[in-house]
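Novice: Structure below; questions to follow.
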Amino acid sequence: MIEKLENIENEAMEKLSQVEELEELEKLRVHYLGRKGEITSVLRSMSQQPQEMRPVLGQKANELKEKIEEKLKEKEKEIEEKSKELLWEKERIDVTLPGKPVSLGRKHPVTLITEEIKEIFAGLGFRSEEGPEIELDYYNFEALNIPVDHPARDMQDSFYFTPEILLRTHTSPVQVRVMEKQAPQLPVRIIALGKVYRRDDDATHSPMFQQVEGLAVDRNITFADLKGVLLHFAREMFGEEQQIRLRPSFFPFTEPSAEVDIFCVICGGEGCRVCSHTGWLEILGAGMVHPRVLEISGYNPRVVTGFAFGMGVERVAMLKFGINDIRLLYSNDLRMIKQF
Ligand code: FA5
């Protein structure tokens with residue numbers, strides 16, 4: 001019997017030391033210590049042993065039982081630790097790996113220029129106004145003294161919804177809307193920034209583009225004030241040395257009128273695609289507000305005068321950043337935007 005117990009012990013210890021999974025461990029527990037297990041059966045058969053042997057055998061069997069229980073516990077702990085380590089190994093974060101870069105959003109070049117324009121004119125006392133992009137024919141054309149047979153009114157040049165409603169072709173209608181609201185109070189000194197739409201499409205003309213309208217109405221405003229404001233703007237935007245050039249022009253809502261060019265900083269005046277090989281790029285139209293427009297908007301043209309201008313924001317951005325095709329600004333190409 002003693003020998004049998006020793007055999008059980010040897011076998012159990014060997015098997016237990018080889019176990020690697022909890023399931024196997026449980027099987028061994030049942031095999032040795034369960035109700036029908038080997039130790040249990042030894043203890044049960046005790047009554048068949050000689051009387052004097054029973055205490056020794058009992059003690060030995062119990063000692064073995066305890067030894068196996070202890071080994072089971074030890075093994076269980078060992079297996080659990082090991083599986084935790086494996087899990088940790090699998091889920092471990094390798095802090096030495098290079099990180100995934102998070103790319104930051106940034107402002108579009110037209111937004112950057114818009115903000116700068118607002119700041120420059122705010123410094124001269126011009127407040128910002130807004131007008132609708134979907135405009136009435138009345139404000140876009142009629143109130144601006146643009147006659148019915150003017151080419152801009154042609155379906156080929158403007159986007160119409162109905163004969164009376166269209167996408168505004170310039171920001172000048174805001175002039176009339178602001179004066180109507182404010183008349184007869186003086187002075188009027190506003191800029192209006194926003195999108196405008198035309199049937200245009202080439203390297204310097206986009207079907208949707210942005211304009212800044214400027215308007216100043218007061219007593220004794222002269223053409224020299226207009227020129228001074230525009231020169232100040234050009235130098236703030238492009239540097240102290242910047243030159244501007246005024247060319248006589250025509251707009252039905254200003255008299256006299258001019259177009260203003262900026263010295264082409266892209267080619268340094270030598271001539272390139274942006275400036276159509278002239279060394280100058282037209283950025284705005286301007287003039288003294290036409291007496292008829294003042295009158296329609298509620299001001300007395302015998303008492304007040306005013307100047308107005310309408311500038312292409314993309315043209316300013318192209319010159320400032322050296323962009324040679326306006327379409328790049330609206331291509332939605334992140335490689336382009338990331339450069340600013
Ligand atoms: C006008 O739109 C007038 N309303 C400007 C004005 C306002 C004159 C107040 C007098 C008094 P014009 O069509 O020339 O004028 O356009 C003004 C500027 O917008 C141009 O000098 C140019 O810089 C820009 N521009 C015109 N068409 C486009 C286009 N398709 N894409 C980008 N910029 C354009």
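Novice: Considering only residues of region 161-178 that are of a type outside the set (Asp, Glu) and more than 13 Å from the ligand (Cβ to nearest atom), which is farthest from VAL148 (Cα to Cα)?
Specialist: That would be ARG177.
Novice: Further question: Can you pull out the residues in region 297-321 that are more than 21 Å from LEU230 (Cα to Cα) and open to solvent by less than 50 Å² (accessible area, probe 1.4 Å)?
Specialist: Of everything in region 297-321, those that are more than 21 Å from LEU230 (Cα to Cα) and open to solvent by less than 50 Å² (accessible area, probe 1.4 Å) turn out to be SER297, GLY298, TYR299, PRO301.
Novice: Okay, next question. Just one of the numbered conditions (1) β-branched (Val, Ile, Thr); (2) surrounded by 14 or more Cβ atoms within 10 Å (Cβ to Cβ); (3) touching a residue at least 24 places away in the same chain (Cβ under 8 Å) is not true of THR40; which one?
Specialist: Of everything listed in (1) β-branched (Val, Ile, Thr); (2) surrounded by 14 or more Cβ atoms within 10 Å (Cβ to Cβ); (3) touching a residue at least 24 places away in the same chain (Cβ under 8 Å), THR40 misses just condition (3).
Novice: Also, quick follow-up: Within region 275-282, can one find any residue that is among the small types (Gly, Ala, Ser) and surrounded by 15 or more Cβ atoms within 10 Å (Cβ to Cβ)?
Specialist: yes
Novice: If we keep just the residues of region 283-293 that are within 13 Å of the ligand (Cβ to nearest atom) and modelled with pLDDT of 95 or more, which is most open to solvent (accessible area, probe 1.4 Å)?
Specialist: Here the answer is HIS290.
Novice: Now for a separate question. Spot the failing condition for GLN185; the list is (1) without any contact (Cβ under 8 Å) to a residue 60 or more places away in the chain; (2) touching a strand residue (DSSP E or B) at 6+ places or on another chain (Cβ under 7 Å), and only one is missed.
Specialist: (2)
Novice: Going through GLU135, GLU81 one at a time, which residue ends up being charged (D, E, K, R), outside any helix (DSSP H, G or I) and modelled with pLDDT of 85 or more?
Specialist: After applying the criteria, what remains is GLU135.
Novice: So is ARG189 in a helix (DSSP H, G or I) and away from the ligand (no atom under 13 Å from the Cβ) or not?
Specialist: No: the conditions fail for ARG189.
Novice: Could you grab me the full set of residues in region 122-162 that are in contact with an Asp or Glu (Cβ under 7 Å, 6 or more places away or on another chain) and more than 15 Å from SER297 (Cβ to Cβ)?
Specialist: Within region 122-162, ASP137, PRO151 qualify.
Novice: Let me ask you something else. Among the listed residues GLY306, GLY322, GLY298, GLY268, which satisfies the condition of being within 15 Å of the ligand (Cβ to nearest atom) and small (Gly, Ala, Ser)?
Specialist: After applying the criteria, what remains is GLY306.
Novice: Just checking, which of PHE141, PHE121, PHE126, PHE159 is more than 33 Å from the chain's Cα centre (by Cα) and surrounded by 11 or more Cβ atoms within 10 Å (Cβ to Cβ)?
Specialist: Answer to the selection: PHE141.
Novice: What is the number of the single condition among (1) within 14 Å of the ligand (Cβ to nearest atom); (2) in contact with a Leu (Cβ under 8 Å, 6 or more places away or on another chain); (3) modelled with pLDDT under 95 that LEU230 does not meet?
Specialist: (3)
Novice: Further question on the same structure: Does ILE146 qualify as being more than 22 Å from ARG315 (Cα to Cα), out of contact with any His (no Cβ under 9 Å at 6 or more places or on another chain), within 15 Å of the ligand (Cβ to nearest atom) and assigned by TED's automatic domain parsing to the domain that holds PHE251?
Specialist: yes
Conditions (1) within 60 Å of the chain's Cα centre (by Cα); (2) in a loop (DSSP other than H, G, I, E, B); (3) surrounded by 11 or more Cβ atoms within 10 Å (Cβ to Cβ), marked per residue:
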| residue | (1), (2), (3) |
| --- | --- |
| LEU25 | yes, no, yes |
| LYS36 | no, yes, no |
| SER47 | no, no, no |
| ARG54 | no, no, yes |
| LEU57 | no, no, yes |
| ALA61 | no, no, yes |
| LYS65 | no, no, yes |
| GLU69 | no, no, yes |
| LYS77 | yes, no, no |
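The values are calculated or read from the model by the stated rules, or taken from the named source; none is laboratory data. The model shown is predicted, which means the values in this text are computed figures rather than measured ones. When we count neighbours, we look across all protein chains shown, and the Cβ atoms used for this are built from the backbone with ideal geometry, even at glycine. Side chains are part of the model used for accessible areas, which takes the heavy atoms of the whole protein and leaves out ligands, DNA and RNA. Shrake-Rupley method; radii C 1.70, N 1.55, O 1.52, S 1.80 Å.
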